Amino acid sequence: MKSPPALRGGPVARAVWLVSGLFLCALGILAFLEARLGLPPWDVLHQGIAQHTLLSFGGANEVVGVIVLLVAWSLGARVWIGTVSNAVLIGLFIILLQPLHAVHSLGHWPLGPRIALLILGLVCFGVGSAFYIGANLGAGPRDSLMLVGSHRTGIRIGATRAMLEISVLLVGFLLGGTVGLGTLAFAALIGPAVEASFWLVTRLRLA
């Protein structure tokens, strides 16, 4: 699929798709966190920051999201409702959900179920990204930074994305963030998961 499908509906429906997608992305992050097998690159950074500050993991997600948004905006990126919502809501959802016993207890599961939890996290990321992107209400702050960084430097988007991901992964690792199987799984499978979710929403005639 060469371009993401636009989900059906007017402004209210698109806002619902947006928030639902961001909520699923937050669930995906929590699944990776509680699987304890390694986090996606940006969440390695969030965890590392949380270990050295008074911020919670969700709070670090919000602070980093807002900082990245402001940097991207200062460099000329287009900021819209989806950009701000991404920066604020994912971290807020994590802050609200992480303390729940049902979420916290997942980390004590045996290895096999935690691997399954990791796979579930990828599914949540994929479907959540399809909803969020398909709502067509603006790129997230990290994607906005990638796009404006590529435009400013003349470096290809893929290379710019790779440099950003490697940089935050390295900083997060040095701060004590968890790198492992989950990190590799995310890097290898998030693209196919999102594309499969695009196909699914098209197949279900949601777009």
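The values are calculated or read from the model by the stated rules, or taken from the named source; none is laboratory data. No experiment lies behind these values; they were computed from the predicted model shown. Methodologically, a virtual Cβ is constructed for each residue, glycine included, from the backbone with ideal geometry; neighbour enumeration extends over all protein chains shown.
Quick look at the values:
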read-out	value
Helices (runs of 4 or more DSSP H) wholly inside region 95-202 that include at least 2 residues being in contact with a Lys or Arg (Cβ under 7 Å, 6 or more places away or on another chain) and either modelled with pLDDT of 90 or more or more than 15 Å from G38 (Cβ to Cβ) (or both)	141-153
Any hit, region 91-108, residues being within 30 Å of R152 (Cβ to Cβ) and not aliphatic (A, V, I, L, M)	yes
Matching residues, region 19-34, being surrounded by 21 or more Cβ atoms within 10 Å (Cβ to Cβ) and in contact with a Gly (Cβ under 6 Å, 6 or more places away or on another chain)	G21, L24, C25, G28, A31, F32
Number of the condition not met by L200 [criteria: (1) more than 23 Å from S56 (Cβ to Cβ); (2) touching a residue at least 24 places away in the same chain (Cβ under 8 Å); (3) buried (at least 16 other Cβ atoms within 10 Å of the Cβ); (4) not polar (S, T, N, Q)]	(3)
